[in-house]
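Shown next, in structure tokens, is the structure this report addresses.
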Amino acid sequence: MSFFSKKYETAGPGIAKDAPKKKGIALFFDIFGRKLWQLMGLNLMYMMFFVPLILILPVISLLKGAYPHSVIVAGILVVIFMVLVGPATAGMTKVIRCFVLEKHTFIWHDFWKGFKGNFKTASIVGFIDCIILLSALSSISFYPALAEHFNTKALYIPMVITLSLALVIIIMNFYIFPMMVATTLKAKNLFKNSLALAFVAIKQNFITFGIIIVTLVLMYVFRLYVMSIFMLLVPFFPAAFLCLVACFNCYPVIQKYVINPYYTSIGEINPELVADNSDDTERIFEDMGGKEKPMEQRKKGKGKRIS
């Protein structure tokens, strides 16, 4: 449909209910296009939990001269963020999982449902993620400086170990949060299954991690050269987009190796894979999507108007 065309009032044939479903990258961009505004709103909700981090510099500036107090307040803000970022990620993942499964969702309601329902486990995961990430970032500058000081390359080994551990933890997160909101697994089993899937689904993990890196590099370039675009994008992008990428690529792996085997063991079919055709026998009206003839636009003519 085009708003610049005179045919904008003409109805098309519609979309057939039994039309072939899109797959792969076509399905991803179809979901992304249809849910774009909702993804932006969801990203904005998620970024609200980064406010404690944003407040650190202003707080330090306000408390300049009161060294112990500024450090204590900054530390409290960091801890608040580390505790809340996990549940916020669980809430966002719960909504985006519904997008991927193409199920209806109320963004506000389901976000807070995922936030509250997984608060304890998600807080632990989020806290560990922050510690690992900070350790990895610190190792990049700490160990090379130490190696140069002692003139030995052996000190690069701890850096490689730290970065490798961080990479595995990042990939595990592709599975921890979707499993957390989709199952009732305990934390121990969440970590165990996520660790296994981090090495089983190499292809999906490589693609997902690659997209994350490319997206973050682009955001970094915007921050360096086009600050205005960066500041405009951050509230609405890229957290929800990257969560969509991770769920879209990795949730089918969870279905295959975790959810489907469970339902098979109890002699049932995973309801996520079953189309809702339960009302076929009671349907009164037939879905004519894709069968209607395009409605012709009525020609405007001169005539008497009845008032």
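Coordinate-derived values only; no laboratory data. These numbers come from a predicted model, not from an experiment. Backbone-built Cβ (ideal geometry, glycine too); neighbour counts: all protein chains shown.
If the chain linking L146 and K64 were pulled fully straight, counting 0.36 nm for each residue of separation and taking away their Cα-Cα distance, it would gain 26.4 nm. Here the calculated FRET efficiency for F32 and A154, from their Cβ-Cβ distance with R0 = 35 Å, stands at 0.15, rounded to the nearest 0.05.
When H104, H69 are sorted by how many other C-beta atoms sit within 10 angstrom of their C-beta, beginning with the fewest, the order is H104, H69.
Taking a quarter of the surface of the Cα convex hull of segment 134-198 gives a mean projected area of 4.9 nm².
Extent of segment 24-270 along its three principal axes (Cα atoms, max minus min coordinate, largest first): 64, 42, 36 Å. In terms of the mean number of neighbouring beta-carbon atoms within 10 Å, the peptides 212-223, 77-88 order highest first as 77-88, 212-223. In terms of other Cβ atoms within 10 Å, S265, S139 run from fewest to most in the order S265, S139. In terms of other Cβ atoms within 10 Å, V253, V100 run from fewest to most in the order V253, V100.
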